[in-house]
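**Student:** Before I ask anything, here is the structure I am working with.
The values are calculated or read from the model by the stated rules, or taken from the named source; none is laboratory data. Since the structure is predicted, the reported quantities are computational estimates derived from the model, not experimental observations. Note: ideal-geometry Cβ built from the backbone for every residue, glycine included; neighbour counts use all protein chains shown. Note: areas computed on protein heavy atoms with side chains; ligands, DNA, RNA excluded. Shrake-Rupley method; radii C 1.70, N 1.55, O 1.52, S 1.80 Å.
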Amino acid sequence: MMKIRKYILMAPMLFASSLGSMAGDGVKVEHLSVNNTLVRVEGDARYLMMPVEEAIADARVNLLVDGKLDRTFFVRLAKSKVDYSVPFDLSPYKGHNVVLEIFSNNEYSPLGEVKEQACWDALTLGDSFDATNTEKYRPAFHHTPLYGWMNDPNGMFYKDGEWHLYYQWNPYGSKWQNMTWGHSSSPDLIHWNHHPAAIEPDGIGTIFSGSSAVDTENSAGFGKDEVVALFTSAGTSQMQSLAHSSDNGKTFTKYPGNPVFTLESEARDPNMFWNPETKEWNIVLAHALDKEILFLTSPDLKEWTLQSAFGKGIGAQDGVWECPDLFPLEINGKKKWVLLVNLNPGGPFGGSATQYFIGDFDGKKFTADTDASGKIPTKWMDYGKDHYATVTWSDAPDSRRTAIGWMSNWEYANEVPTMQFRSANTLPRDLSLFEGADGQIYLASTPSPETLKLRDKTIVKGKSINAGKKGSSIALPSANDGICEVAFDIEAKNNAKVLVTLSNKLNEKVVITYNPADNTIAFNRTQAGISDFSHDFPAVTVSPTFTEGGKTSVNMFIDRSSIEMFAKDGRYAMTNLVFPNEPYSSISFSSEGNAKISNLEIYSLNAN
């Protein structure tokens with residue numbers, strides 16, 4: 001476990017200087033004009049390190065192998081300074097002639113200035129790169145990419161004791177571009193192994209979101225227990241493509257008949273499962289700009305039949321619909337279906353969020369439940385600002401339905417204060433259903449039981465506090481940058497508000513307010529730390545507690561740049577990023593009247 005975890009805690013800054021190779025050794029630069037440069041790779045090495053400056057525009061790079069175009073990608077090649085460098089893997093081209101034809105925007109620069117740009121001397125070769133983490137805000141116990149940009153989780157499946165997680169990845173910088181399926185795997189949903197890219201762009205397009213499953217019936221004809229993947233190929237238009245893997249998802253072979261499904265309008269993010277009752281594949285597809293979900297069937301993932309659509313004028317409609325998922329859960333011995341629909345923008349607090357619908361599914365059509373007024377209600381899976389693109393693992397053991405999301409928001413995801421990587425995933429969450437006081441069925445999210453392995457030392461156990469106007473404060477653990485888990489129950493008297501404050505010596509703070517009068521809990525990060533990178537970042541998010549009688553509970557996971565807050569029974573969830581200049585060092589409890597805090601537990605966490 002120590003070895004696996006080390007990849008996250010020591011992810012790379014990727015400085016070219018670590019390669020032990022002088023700038024220019026084995027790399028020949030030929031300027032053809034102010035906007036066009038050839039870079040010839042003449043040395044024999046594993047990696048070409050490409051220097052990045054985030055503040056400038058992308059350069060387009062044509063990779064020429066033996067004079068033929070192999071691929072095109074984009075990278076912000078440094079002009080005035082090098083923020084970091086990213087590795088381009090040359091090993092697939094060993095023994096071949098490799099040339100990078102670079103097109104950059106230098107319209108108003110003389111050729112002499114172009115020749116002096118920082119990138120040319122910093123293009124270096126080497127057989128390894130420095131994997132030391134220099135990012136203050138890299139999470140300690142959340143999955144992050146080894147380097148580069150990450151957004152939606154994709155193609156997740158469980159097989160042979162391993163949880164496989166794919167994700168939208170830019171290998172050539174820490175802003176959105178070059179969409180590729182990155183790949184990590186884990187034996188326990190906590191400690192992650194990083195693998196090479198699984199599915200890379202091709203002539204049809206870049207690789208957008210999709211899903212994977214184990215084909216136990218050999219329905220696709222690639223072999224029994226082959227891993228099959230459906231994804232969106234995003235070129236001039238969006239089309240759906242198929243791939244398969246015979247090595248448990250490490251490498252994929254693309255189906256030569258791609259694309260397997262097209263529409264006359266934008267559709268993406270296919271999510272599939274084998275339906276044992278109908279003996280065919282069910283596929284849900286986001287009809288993004290039409291703000292609806294399409295339901296399709298297929299006997300083999302090659303021939304598709306459109307069966308129905310759901311969503312026109314229903315639910316949150318302020319943004320595009322993306323990344324759907326459909327799965328059954330039981331409540332009171334009855335099967336209900338959950339349809340996840342991710343939305344951007346239009347979330348309850350701005351930007352992106354995950355809505356869901358409860359209903360019935362007959363293999364061809366989804367019918368949503370209605371409320372007492374006969375309308376289909378809008379429900380939110382998480383009431384924070386930073387929970388998006390949520391989907392679940394296929395083939396999970398013990399009939400579990402386990403989900404993970406992207407822990408960011410499109411309003412500021414490209415601008416958060418990190419560079420060598422951007423974005424993390426949420427904690428894994430096990431899903432279930434519960435019935436609210438209004439008779440409606442809701443989705444509950446609890447941290448997956450594997451998160452118990454994170455607990456290290458018990459700082460506080462079973463403590464009770466009478467919280468009044470003066471307040472009571474307890475020190476948080478300082479080990480490992482203050483990462484910890486905090487859990488407690490709240491009982492408010494006479495509908496008095498209860499305030500829970502996380503703070504540090506710089507007076508940076510997060511204020512959590514439980515309001516028993518309207519059965520809500522709020523998270524205020526307007527003074528939580530760094531926020532000047534986006535005017536959309538300071539926010540107060542509010543969730544219903546789905547409880548009455550002045551009682552609720554909190555189970556909170558504090559990482560270096562995030563706080564995830566749950567009810568102990570999962571009836572609410574709230575995920576928010578925070579960027580304090582130093583870790584929060586204390587938690588205090590107060591009330592406008594009188595309240596009791598009971599069963600207080602605080603654990604330091606060990607992510608190794």
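**Student:** Over 16 Å from Asp127 (Cβ atoms) and open to solvent by 60 Å² or more (accessible area, probe 1.4 Å): does that describe Arg60?
**Tutor:** yes
**Student:** Restricting to the range 317-335, name every residue that is charged (D, E, K, R), in contact with a Pro (Cβ under 9 Å, 6 or more places away or on another chain) and surrounded by 18 or more Cβ atoms within 10 Å (Cβ to Cβ).
**Tutor:** none
**Student:** Another question, then. Among the residues of the range 455-487 satisfying the criterion of being hydrophobic (A, V, I, L, M, F, W, C) and within 28 Å of the chain's Cα centre (by Cα), which is farthest from Ile602 (Cα to Cα)? Give the derivation first.
**Tutor:** Step one: filter the range 455-487 for residues hydrophobic (A, V, I, L, M, F, W, C), giving 459-460, 465, 467, 474-476, 479, 483-484, 486-487.
After this cut, where a residue has to be within 28 Å of the chain's Cα centre (by Cα) as well, the list is 476, 479, 483-484, 486-487.
On the way: Leu476: 8, Ala479: 13, Ile483: 11, Cys484: 7, Val486: 5, Ala487: 7 Å.
Within the range 455-487, the match that is farthest from Ile602 (Cα to Cα) is Ala479.
**Student:** Okay, moving on. Considering Gly223, Gly210, which residue is open to solvent by less than 30 Å² (accessible area, probe 1.4 Å), modelled with pLDDT of 95 or more, under 21 Å from Met150 (Cβ atoms) and not hydrophobic (A, V, I, L, M, F, W, C)? Steps first, answer last, please.
**Tutor:** Details: Gly223 fails: under 21 Å from Met150 (Cβ atoms).
So the residue among Gly223, Gly210 that is open to solvent by less than 30 Å² (accessible area, probe 1.4 Å), modelled with pLDDT of 95 or more, under 21 Å from Met150 (Cβ atoms) and not hydrophobic (A, V, I, L, M, F, W, C) is Gly210.
**Student:** Criterion first (of a type outside the set (Phe, Trp, Tyr), open to solvent by 50 Å² or more (accessible area, probe 1.4 Å) and either out of contact with any strand residue (DSSP E or B) (no Cβ under 8 Å at 6 or more places or on another chain) or not in a loop (DSSP other than H, G, I, E, B) (or both)) does Asp481 satisfy it?
**Tutor:** Judged against the criteria, Asp481 is a match.
**Student:** Keeping to the range 229-285, report how many residues are touching a Cys at 6+ places or on another chain (Cβ under 9 Å) and over 16 Å from Val214 (Cβ atoms).
**Tutor:** 2
**Student:** Among the residues of the range 352-385, what is the count of those that are surrounded by fewer than 24 Cβ atoms within 10 Å (Cβ to Cβ), in contact with a strand residue (DSSP E or B) (Cβ under 7 Å, 6 or more places away or on another chain), in a loop (DSSP other than H, G, I, E, B) and not aliphatic (A, V, I, L, M)?
**Tutor:** Residues meeting the conditions: 5.
**Student:** If I ask for residues that are open to solvent by less than 10 Å² (accessible area, probe 1.4 Å), under 18 Å from Leu443 (Cβ atoms) and assigned to a loop (DSSP other than H, G, I, E, B), which ones from the range 536-573 would you list?
**Tutor:** Of everything in the range 536-573, those that are open to solvent by less than 10 Å² (accessible area, probe 1.4 Å), under 18 Å from Leu443 (Cβ atoms) and assigned to a loop (DSSP other than H, G, I, E, B) turn out to be Thr545, Ala567, Gly570, Tyr572.
**Student:** Given the residues Tyr137, Tyr108, Tyr93, Tyr147, which is the only one that is surrounded by 14 or more Cβ atoms within 10 Å (Cβ to Cβ), among the aromatic types (Phe, Trp, Tyr) and more than 20 Å from Ser174 (Cα to Cα)?
**Tutor:** Result of the check over Tyr137, Tyr108, Tyr93, Tyr147: Tyr93.
**Student:** Another question, then. Just give me the residues in the range 405-441 being over 30 Å from Asp83 (Cβ atoms) and of a type in the set (Asp, Glu), in sequence order.
**Tutor:** Filtering the range 405-441 for residues over 30 Å from Asp83 (Cβ atoms) gives 428-441.
Asp430, Glu435, Asp438 - these are the residues of the range 405-441 that are over 30 Å from Asp83 (Cβ atoms) and of a type in the set (Asp, Glu).
**Student:** I'm trying to understand the selection: among the residues of the range 288-313, which are of a type in the set (A, V, I, L, M, F, W, C) and crowded, with 18+ Cβ neighbours inside 10 Å?
**Tutor:** Matches in the range 288-313: Ala288, Ile293, Leu294, Phe295, Leu296, Leu301, Trp304, Phe310.
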